[in-house]
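Just below is one structure, and these are the notes that go with it.
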Amino acid sequence: MMVERILVSLTALLPNHTGCNAMNARKMILPTVALLLVILIPDLAAAKVKVVATLGDLAAAAEEVGGEDVDVKLLARPQEDPHYVDAKPSFVREVAQADLVVLNGMSLEIGWLPMLVKNSRNPDIQRGEPGHFDASTFIERKEVPKQQIDRSMGDVHPEGNPHYTYEPRQMARVAIALGKRLGQIDPANKAAYQKRARKFARECLQTYKHWQEKFAELPAERREVVVYHEAWIYVLDWLDLERVATVEPKPGVEPNPRHVVEVIKTIERDEIPVILKMEYYPATTVERIADKTGAKVVSSQGQTRLGKSYIDRINALASAIYKALDK
Ligand SMILES: [Zn+2]
(Lines give C-alpha, C1' and ligand atoms only; values in the text may rest on other atoms or scores of the structure.)
Protein backbone atom coordinates (compact mmCIF):
# COMPACT_ATOMS: atom_id res chain seq x y z
CA MET A 1 0.00 0.00 0.00
CA MET A 2 2.72 2.36 1.11
CA VAL A 3 5.04 1.05 -1.63
CA GLU A 4 2.43 1.82 -4.27
CA ARG A 5 2.02 5.38 -3.04
CA ILE A 6 5.78 5.98 -3.22
CA LEU A 7 6.04 4.39 -6.68
CA VAL A 8 3.29 6.63 -7.98
CA SER A 9 4.93 9.76 -6.61
CA LEU A 10 8.33 8.72 -7.94
CA THR A 11 7.04 8.00 -11.46
CA ALA A 12 5.34 11.38 -11.38
CA LEU A 13 8.80 12.89 -11.10
CA LEU A 14 9.82 11.34 -14.41
CA PRO A 15 9.43 13.58 -17.47
CA ASN A 16 6.92 12.02 -19.84
CA HIS A 17 7.31 14.33 -22.85
CA THR A 18 9.67 13.21 -25.61
CA GLY A 19 12.75 15.06 -26.72
CA CYS A 20 16.44 14.46 -26.57
CA ASN A 21 17.11 16.07 -23.20
CA ALA A 22 14.08 14.44 -21.67
CA MET A 23 15.21 11.02 -22.96
CA ASN A 24 18.61 11.52 -21.39
CA ALA A 25 17.05 12.63 -18.16
CA ARG A 26 14.91 9.51 -18.18
CA LYS A 27 17.95 7.31 -18.72
CA MET A 28 19.62 8.91 -15.75
CA ILE A 29 16.65 8.96 -13.46
CA LEU A 30 15.43 5.42 -13.99
CA PRO A 31 18.45 3.67 -12.47
CA THR A 32 18.39 6.13 -9.58
CA VAL A 33 14.74 5.36 -8.94
CA ALA A 34 15.43 1.64 -9.14
CA LEU A 35 18.26 1.99 -6.68
CA LEU A 36 16.12 4.07 -4.34
CA LEU A 37 13.40 1.43 -4.42
CA VAL A 38 15.84 -1.35 -3.66
CA ILE A 39 16.97 0.60 -0.62
CA LEU A 40 13.46 1.60 0.45
CA ILE A 41 11.39 -1.51 -0.23
CA PRO A 42 12.64 -3.83 2.51
CA ASP A 43 11.77 -1.12 5.00
CA LEU A 44 8.45 -0.31 3.37
CA ALA A 45 7.48 -3.96 3.15
CA ALA A 46 7.95 -4.13 6.89
CA ALA A 47 5.87 -0.97 7.44
CA LYS A 48 3.18 -1.85 9.91
CA VAL A 49 -0.51 -1.10 9.55
CA LYS A 50 -1.30 1.78 11.89
CA VAL A 51 -4.29 0.80 14.00
CA VAL A 52 -5.97 3.20 16.40
CA ALA A 53 -8.42 1.63 18.85
CA THR A 54 -10.79 3.69 20.96
CA LEU A 55 -10.96 1.28 23.92
CA GLY A 56 -8.57 -1.08 25.71
CA ASP A 57 -10.46 -4.29 24.88
CA LEU A 58 -10.43 -3.43 21.19
CA ALA A 59 -6.74 -2.48 21.29
CA ALA A 60 -6.01 -5.85 22.91
CA ALA A 61 -8.01 -7.66 20.21
CA ALA A 62 -6.18 -5.69 17.49
CA GLU A 63 -2.82 -6.69 18.99
CA GLU A 64 -3.86 -10.37 19.08
CA VAL A 65 -5.14 -10.35 15.50
CA GLY A 66 -2.59 -7.95 14.02
CA GLY A 67 0.48 -9.32 15.81
CA GLU A 68 3.78 -8.10 14.40
CA ASP A 69 2.11 -6.64 11.30
CA VAL A 70 0.36 -3.81 13.11
CA ASP A 71 1.19 -0.92 15.39
CA VAL A 72 -1.67 -0.35 17.82
CA LYS A 73 -2.41 2.96 19.51
CA LEU A 74 -5.06 3.29 22.21
CA LEU A 75 -7.10 6.47 22.67
CA ALA A 76 -9.16 6.22 25.90
CA ARG A 77 -7.23 5.33 29.02
CA PRO A 78 -8.44 1.88 30.17
CA GLN A 79 -9.43 3.29 33.57
CA GLU A 80 -11.51 6.02 31.94
CA ASP A 81 -15.30 5.95 31.59
CA PRO A 82 -15.72 5.23 27.85
CA HIS A 83 -18.95 7.29 27.77
CA TYR A 84 -17.03 10.46 28.60
CA VAL A 85 -13.49 10.49 27.28
CA ASP A 86 -11.35 13.62 27.32
CA ALA A 87 -10.19 13.91 23.71
CA LYS A 88 -6.57 15.03 23.92
CA PRO A 89 -4.98 17.04 21.07
CA SER A 90 -2.74 14.04 20.35
CA PHE A 91 -5.84 12.02 19.41
CA VAL A 92 -6.33 14.01 16.20
CA ARG A 93 -2.75 13.29 15.18
CA GLU A 94 -3.12 9.56 15.90
CA VAL A 95 -6.37 9.34 13.94
CA ALA A 96 -4.94 11.44 11.07
CA GLN A 97 -2.10 8.94 10.62
CA ALA A 98 -4.18 5.79 11.08
CA ASP A 99 -4.77 3.15 8.41
CA LEU A 100 -7.54 1.63 10.52
CA VAL A 101 -9.68 2.99 13.34
CA VAL A 102 -11.30 0.30 15.51
CA LEU A 103 -14.26 1.56 17.50
CA ASN A 104 -16.84 0.08 19.85
CA GLY A 105 -19.79 1.78 18.13
CA MET A 106 -23.46 1.74 19.20
CA SER A 107 -23.03 5.40 20.23
CA LEU A 108 -20.65 4.60 23.10
CA GLU A 109 -18.04 7.05 21.76
CA ILE A 110 -20.60 9.46 20.28
CA GLY A 111 -19.53 12.31 22.57
CA TRP A 112 -15.94 12.39 21.37
CA LEU A 113 -15.08 10.19 18.38
CA PRO A 114 -17.11 11.51 15.38
CA MET A 115 -15.57 15.00 15.66
CA LEU A 116 -12.12 13.47 15.92
CA VAL A 117 -12.61 11.38 12.78
CA LYS A 118 -13.92 14.42 10.91
CA ASN A 119 -11.18 16.77 12.11
CA SER A 120 -8.44 14.28 11.23
CA ARG A 121 -9.20 14.84 7.50
CA ASN A 122 -7.98 11.30 6.93
CA PRO A 123 -10.10 9.98 4.02
CA ASP A 124 -9.21 6.32 4.72
CA ILE A 125 -10.89 6.13 8.11
CA GLN A 126 -14.17 7.96 7.47
CA ARG A 127 -17.42 6.05 8.06
CA GLY A 128 -18.08 3.67 5.17
CA GLU A 129 -14.38 3.28 4.29
CA PRO A 130 -12.45 0.02 4.95
CA GLY A 131 -10.33 1.90 7.50
CA HIS A 132 -13.40 2.53 9.68
CA PHE A 133 -14.06 -0.65 11.67
CA ASP A 134 -17.16 -0.38 13.83
CA ALA A 135 -16.90 -3.59 15.87
CA SER A 136 -20.55 -3.42 16.96
CA THR A 137 -21.70 -4.23 13.42
CA PHE A 138 -20.37 -7.77 13.89
CA ILE A 139 -21.95 -8.67 17.23
CA GLU A 140 -25.31 -9.88 18.44
CA ARG A 141 -26.88 -6.73 19.89
CA LYS A 142 -28.87 -6.79 23.12
CA GLU A 143 -31.32 -4.38 24.75
CA VAL A 144 -32.09 -2.56 21.50
CA PRO A 145 -34.92 -0.16 22.53
CA LYS A 146 -38.23 -1.03 20.92
CA GLN A 147 -39.88 2.28 21.69
CA GLN A 148 -38.81 5.83 20.84
CA ILE A 149 -36.20 6.98 23.36
CA ASP A 150 -35.78 10.46 24.81
CA ARG A 151 -33.55 12.18 27.36
CA SER A 152 -36.06 11.64 30.20
CA MET A 153 -35.09 7.95 30.11
CA GLY A 154 -31.47 8.80 30.97
CA ASP A 155 -28.48 8.06 28.77
CA VAL A 156 -30.05 5.14 26.88
CA HIS A 157 -28.04 4.02 23.88
CA PRO A 158 -30.39 4.04 20.87
CA GLU A 159 -28.76 1.12 19.02
CA GLY A 160 -28.80 -1.14 22.07
CA ASN A 161 -26.46 -1.87 24.96
CA PRO A 162 -22.93 -1.08 23.78
CA HIS A 163 -21.05 -2.88 26.57
CA TYR A 164 -20.51 -6.12 24.66
CA THR A 165 -16.73 -6.39 24.97
CA TYR A 166 -17.14 -7.91 28.46
CA GLU A 167 -18.47 -11.07 26.84
CA PRO A 168 -15.84 -13.18 25.06
CA ARG A 169 -18.13 -14.84 22.48
CA GLN A 170 -18.98 -11.40 21.13
CA MET A 171 -15.26 -10.63 20.98
CA ALA A 172 -14.66 -13.83 19.01
CA ARG A 173 -17.00 -12.44 16.35
CA VAL A 174 -15.15 -9.13 16.41
CA ALA A 175 -11.80 -10.91 16.07
CA ILE A 176 -12.83 -12.85 12.96
CA ALA A 177 -14.21 -9.70 11.31
CA LEU A 178 -11.12 -7.73 12.28
CA GLY A 179 -8.89 -10.41 10.74
CA LYS A 180 -10.80 -10.09 7.46
CA ARG A 181 -10.61 -6.29 7.53
CA LEU A 182 -6.86 -6.24 8.21
CA GLY A 183 -6.39 -8.67 5.31
CA GLN A 184 -8.30 -6.27 3.09
CA ILE A 185 -6.15 -3.30 4.13
CA ASP A 186 -2.88 -5.22 4.04
CA PRO A 187 -3.40 -8.10 1.54
CA ALA A 188 0.24 -9.23 1.73
CA ASN A 189 -0.36 -10.50 5.28
CA LYS A 190 -3.92 -11.74 4.81
CA ALA A 191 -3.18 -15.34 5.80
CA ALA A 192 -1.37 -14.30 8.98
CA TYR A 193 -4.28 -12.09 10.10
CA GLN A 194 -6.75 -14.89 9.50
CA LYS A 195 -4.67 -17.39 11.41
CA ARG A 196 -4.22 -15.13 14.42
CA ALA A 197 -7.89 -14.10 14.35
CA ARG A 198 -8.97 -17.75 14.46
CA LYS A 199 -6.59 -18.50 17.32
CA PHE A 200 -7.80 -15.55 19.39
CA ALA A 201 -11.44 -16.33 18.61
CA ARG A 202 -10.88 -19.92 19.74
CA GLU A 203 -9.43 -18.68 23.05
CA CYS A 204 -12.40 -16.35 23.51
CA LEU A 205 -14.84 -19.21 22.93
CA GLN A 206 -12.97 -21.51 25.32
CA THR A 207 -13.11 -18.81 28.00
CA TYR A 208 -16.81 -18.34 27.33
CA LYS A 209 -17.53 -22.06 27.69
CA HIS A 210 -15.31 -22.56 30.73
CA TRP A 211 -17.06 -19.93 32.84
CA GLN A 212 -20.50 -20.81 31.59
CA GLU A 213 -20.00 -24.36 32.86
CA LYS A 214 -18.49 -23.17 36.12
CA PHE A 215 -21.36 -20.77 36.87
CA ALA A 216 -23.88 -23.52 36.08
CA GLU A 217 -22.72 -25.19 39.31
CA LEU A 218 -24.04 -22.29 41.41
CA PRO A 219 -27.44 -22.76 43.07
CA ALA A 220 -30.31 -20.62 41.77
CA GLU A 221 -30.40 -18.37 44.84
CA ARG A 222 -26.77 -17.36 44.29
CA ARG A 223 -27.40 -16.12 40.75
CA GLU A 224 -28.93 -12.75 41.52
CA VAL A 225 -26.95 -9.53 41.35
CA VAL A 226 -27.29 -5.77 41.66
CA VAL A 227 -25.42 -3.70 39.08
CA TYR A 228 -24.29 -0.08 39.21
CA HIS A 229 -24.80 0.84 35.53
CA GLU A 230 -26.72 -1.09 32.85
CA ALA A 231 -23.46 -2.34 31.41
CA TRP A 232 -23.84 -6.00 32.29
CA ILE A 233 -26.50 -7.60 30.10
CA TYR A 234 -23.95 -9.49 27.96
CA VAL A 235 -22.19 -10.85 31.06
CA LEU A 236 -25.48 -11.71 32.80
CA ASP A 237 -26.77 -13.65 29.79
CA TRP A 238 -23.45 -15.42 29.39
CA LEU A 239 -23.19 -16.55 33.03
CA ASP A 240 -26.93 -17.02 33.51
CA LEU A 241 -27.25 -14.36 36.21
CA GLU A 242 -30.20 -12.16 36.99
CA ARG A 243 -30.11 -8.42 37.66
CA VAL A 244 -32.63 -7.51 40.36
CA ALA A 245 -31.77 -3.83 40.79
CA THR A 246 -29.56 -1.06 39.39
CA VAL A 247 -27.84 1.55 41.60
CA GLU A 248 -28.22 4.24 38.94
CA PRO A 249 -31.92 5.19 38.87
CA LYS A 250 -31.59 5.66 35.07
CA PRO A 251 -28.60 4.96 32.81
CA GLY A 252 -25.95 7.64 33.33
CA VAL A 253 -27.91 9.31 36.18
CA GLU A 254 -26.18 9.38 39.58
CA PRO A 255 -27.91 7.52 42.40
CA ASN A 256 -30.16 9.60 44.69
CA PRO A 257 -30.89 8.80 48.38
CA ARG A 258 -34.47 7.64 47.78
CA HIS A 259 -33.43 5.22 45.06
CA VAL A 260 -30.52 3.94 47.18
CA VAL A 261 -32.99 3.09 49.99
CA GLU A 262 -35.01 1.08 47.45
CA VAL A 263 -31.89 -0.79 46.34
CA ILE A 264 -30.97 -1.58 49.96
CA LYS A 265 -34.49 -2.90 50.61
CA THR A 266 -34.30 -5.13 47.52
CA ILE A 267 -30.89 -6.53 48.48
CA GLU A 268 -32.10 -7.31 52.02
CA ARG A 269 -35.41 -8.81 50.89
CA ASP A 270 -33.91 -11.01 48.17
CA GLU A 271 -30.57 -11.61 49.95
CA ILE A 272 -28.60 -10.45 46.90
CA PRO A 273 -24.96 -11.48 47.40
CA VAL A 274 -23.16 -9.17 44.95
CA ILE A 275 -23.05 -5.65 43.53
CA LEU A 276 -21.21 -5.35 40.19
CA LYS A 277 -19.59 -2.10 39.15
CA MET A 278 -16.91 -0.86 36.80
CA GLU A 279 -13.85 0.76 38.37
CA TYR A 280 -14.64 4.17 36.84
CA TYR A 281 -17.85 4.59 38.82
CA PRO A 282 -17.67 6.18 42.28
CA ALA A 283 -17.21 3.70 45.12
CA THR A 284 -18.84 5.58 48.02
CA THR A 285 -22.53 4.84 47.38
CA VAL A 286 -21.86 1.21 46.53
CA GLU A 287 -19.72 0.73 49.64
CA ARG A 288 -22.44 2.27 51.80
CA ILE A 289 -24.97 -0.15 50.34
CA ALA A 290 -22.55 -3.04 50.89
CA ASP A 291 -21.94 -1.99 54.52
CA LYS A 292 -25.66 -1.86 55.22
CA THR A 293 -26.55 -5.14 53.54
CA GLY A 294 -23.46 -7.34 53.69
CA ALA A 295 -23.44 -7.71 49.89
CA LYS A 296 -19.98 -7.96 48.32
CA VAL A 297 -18.77 -5.43 45.75
CA VAL A 298 -17.02 -6.63 42.60
CA SER A 299 -15.32 -3.61 41.03
CA SER A 300 -14.17 -4.68 37.59
CA GLN A 301 -11.51 -3.25 35.33
CA GLY A 302 -13.32 -1.18 32.73
CA GLN A 303 -11.09 -2.22 29.86
CA THR A 304 -7.92 -4.22 29.16
CA ARG A 305 -4.75 -2.30 30.00
CA LEU A 306 -2.43 -1.62 27.05
CA GLY A 307 -0.11 -4.54 26.38
CA LYS A 308 -2.13 -6.87 28.65
CA SER A 309 -4.23 -9.84 27.65
CA TYR A 310 -7.97 -9.50 27.08
CA ILE A 311 -8.48 -13.16 28.04
CA ASP A 312 -6.68 -12.57 31.37
CA ARG A 313 -8.93 -9.60 32.07
CA ILE A 314 -12.09 -11.60 31.33
CA ASN A 315 -10.86 -14.52 33.44
CA ALA A 316 -10.18 -12.11 36.33
CA LEU A 317 -13.64 -10.58 35.97
CA ALA A 318 -15.50 -13.91 35.85
CA SER A 319 -13.40 -15.34 38.66
CA ALA A 320 -14.09 -12.33 40.92
CA ILE A 321 -17.85 -12.59 40.31
CA TYR A 322 -17.79 -16.33 40.89
CA LYS A 323 -15.89 -16.02 44.18
CA ALA A 324 -18.31 -13.36 45.41
CA LEU A 325 -21.36 -15.48 44.49
CA ASP A 326 -19.97 -18.78 45.79
CA LYS A 327 -20.45 -18.78 49.57
ZN1 LIG B 1 -23.51 2.65 29.08
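The values are calculated or read from the model by the stated rules, or taken from the named source; none is laboratory data. All values derive from a computational prediction rather than experimental measurement. As a convention, Cβ positions derive from the backbone with ideal geometry for all residues, glycine included, and neighbour counts pool all protein chains shown. Side chains are part of the model used for accessible areas, which takes the heavy atoms of the whole protein and leaves out ligands, DNA and RNA. Shrake-Rupley method; radii C 1.70, N 1.55, O 1.52, S 1.80 Å.
Here are the numbers:
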quantity	calculated
Anchor residue 118: lysines whose Cα lies under 22 Å away (excluding residues fewer than 8 positions away in-chain)	50, 73, 88
Contour excess over end-to-end distance, with Cα ends at residue 124 and residue 306 and 0.36 nm allotted per residue	63.1 nm
For residue 155, distant residues with modelled amide H under 5 Å away	252, 253
Region 51-147: trypsin sites (Lys or Arg not before Pro) falling in loop per DSSP and having at most 14 other Cβ within 10 Å	121, 127, 146
Accessible area per residue in Å² at 1.4 Å probe, computed on the chain	52 Å²
Chain lengthening between residue 243 and residue 198 when straightened (0.36 nm per residue, less Cα-Cα)	12.9 nm
Karplus-derived 3J(HN,Hα), 6.51/-1.76/1.60, for each residue of region 214-228, Hz, glycine and proline x	5, 5, 5, 6, 6, x, 3, 6, 9, 10, 9, 9, 10, 10, 7
In Hz, Karplus ³J(HN,Hα) per residue of region 133-149 (6.51, -1.76, 1.60; θ = phi - 60°; x = Gly, Pro)	9, 8, 4, 5, 7, 10, 9, 9, 6, 10, 6, 6, x, 8, 9, 4, 9
Overall form of region 151-269 per C-alpha gyration tensor (a/c, 1.5; a/b vs b/c)	oblate
Approximate spin-label separation residue 292-residue 144, in nm, with each point projected 7 Å along Cα-to-Cβ	3.8 nm
Separation between Cα centres of region 223-255 and region 128-185, rounded to whole Å	19 Å
Full-stretch length increase - residue 217, residue 327 - with 0.36 nm per residue and alpha-carbon distance subtracted	38.4 nm
Protein accessible area in the chain, 1.4 Å probe - carbon and sulfur %	54 percent
